[in-house]
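First comes the structure, then the notes that go with it.
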């Protein structure tokens, strides 16, 4: 058995690692294929976590996703505006959706991400706790906003998936 230069392990151990990685890749590919097999009119969505809930935006509104950095606090802005950030020379407002929707928790860690949303008239960034996935959902499978939802959230919800993902209207 020959030593592997990168891992320092014997080649036989490397074969086991390759088998494990191939199995993981096959499982991911199977999962992606299942998500792509959506029949009928559908929406591509980007899912993300806020507090203990999972939300989504339609992919057509998402310009990019990136780790939060270069944040500047701006005094006198509404409570839900965290500040502004410079992303490759463009300035974006960063919105704290937890405060906007009156959800528990606040603050940042170095793993937090921002989603830049863009349409014809506006662009801004939204703070998220975690980006989860991108996949298609059938439009006719979306449920309406339940009556238990109250407050400002109801104005911005497009629908809810069967797996309880809240799709926000971009």
Criterion violated by residue 60 - all others in (1) surrounded by fewer than 15 Cβ atoms within 10 Å (Cβ to Cβ); (2) touching a residue at least 60 places away in the same chain (Cβ under 8 Å); (3) assigned to a strand (DSSP E or B) satisfied: (3)
Being at pLDDT below 85, assigned to a helix (DSSP H, G or I) and over 25 Å from residue 129 (Cβ atoms) narrows it down to one of 35, 16, so name that one. 16
Under the condition of being surrounded by 10 or more Cβ atoms within 10 Å (Cβ to Cβ) and part of a loop (DSSP other than H, G, I, E, B), which residue from the range 79-106 is modelled with the lowest pLDDT? 106
Which of the residues that make up the range 63-78 are free of Cβ contacts under 8 Å to residues at least 40 places away in the same chain, in contact with a strand residue (DSSP E or B) (Cβ under 6 Å, 6 or more places away or on another chain) and not in a strand (DSSP E or B)? 70, 73, 74
Failed condition for residue 130, given (1) at negative phi; (2) exposed (fewer than 10 other Cβ atoms within 10 Å of the Cβ); (3) at pLDDT 80 or above, with all others met? (2)
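The values are calculated or read from the model by the stated rules, or taken from the named source; none is laboratory data. Treat the numbers as computed from the prediction; the structure is a model and nothing was measured. Every residue, glycine as well, gets a Cβ built from its backbone with ideal geometry; the counts of neighbours run over all protein chains shown.
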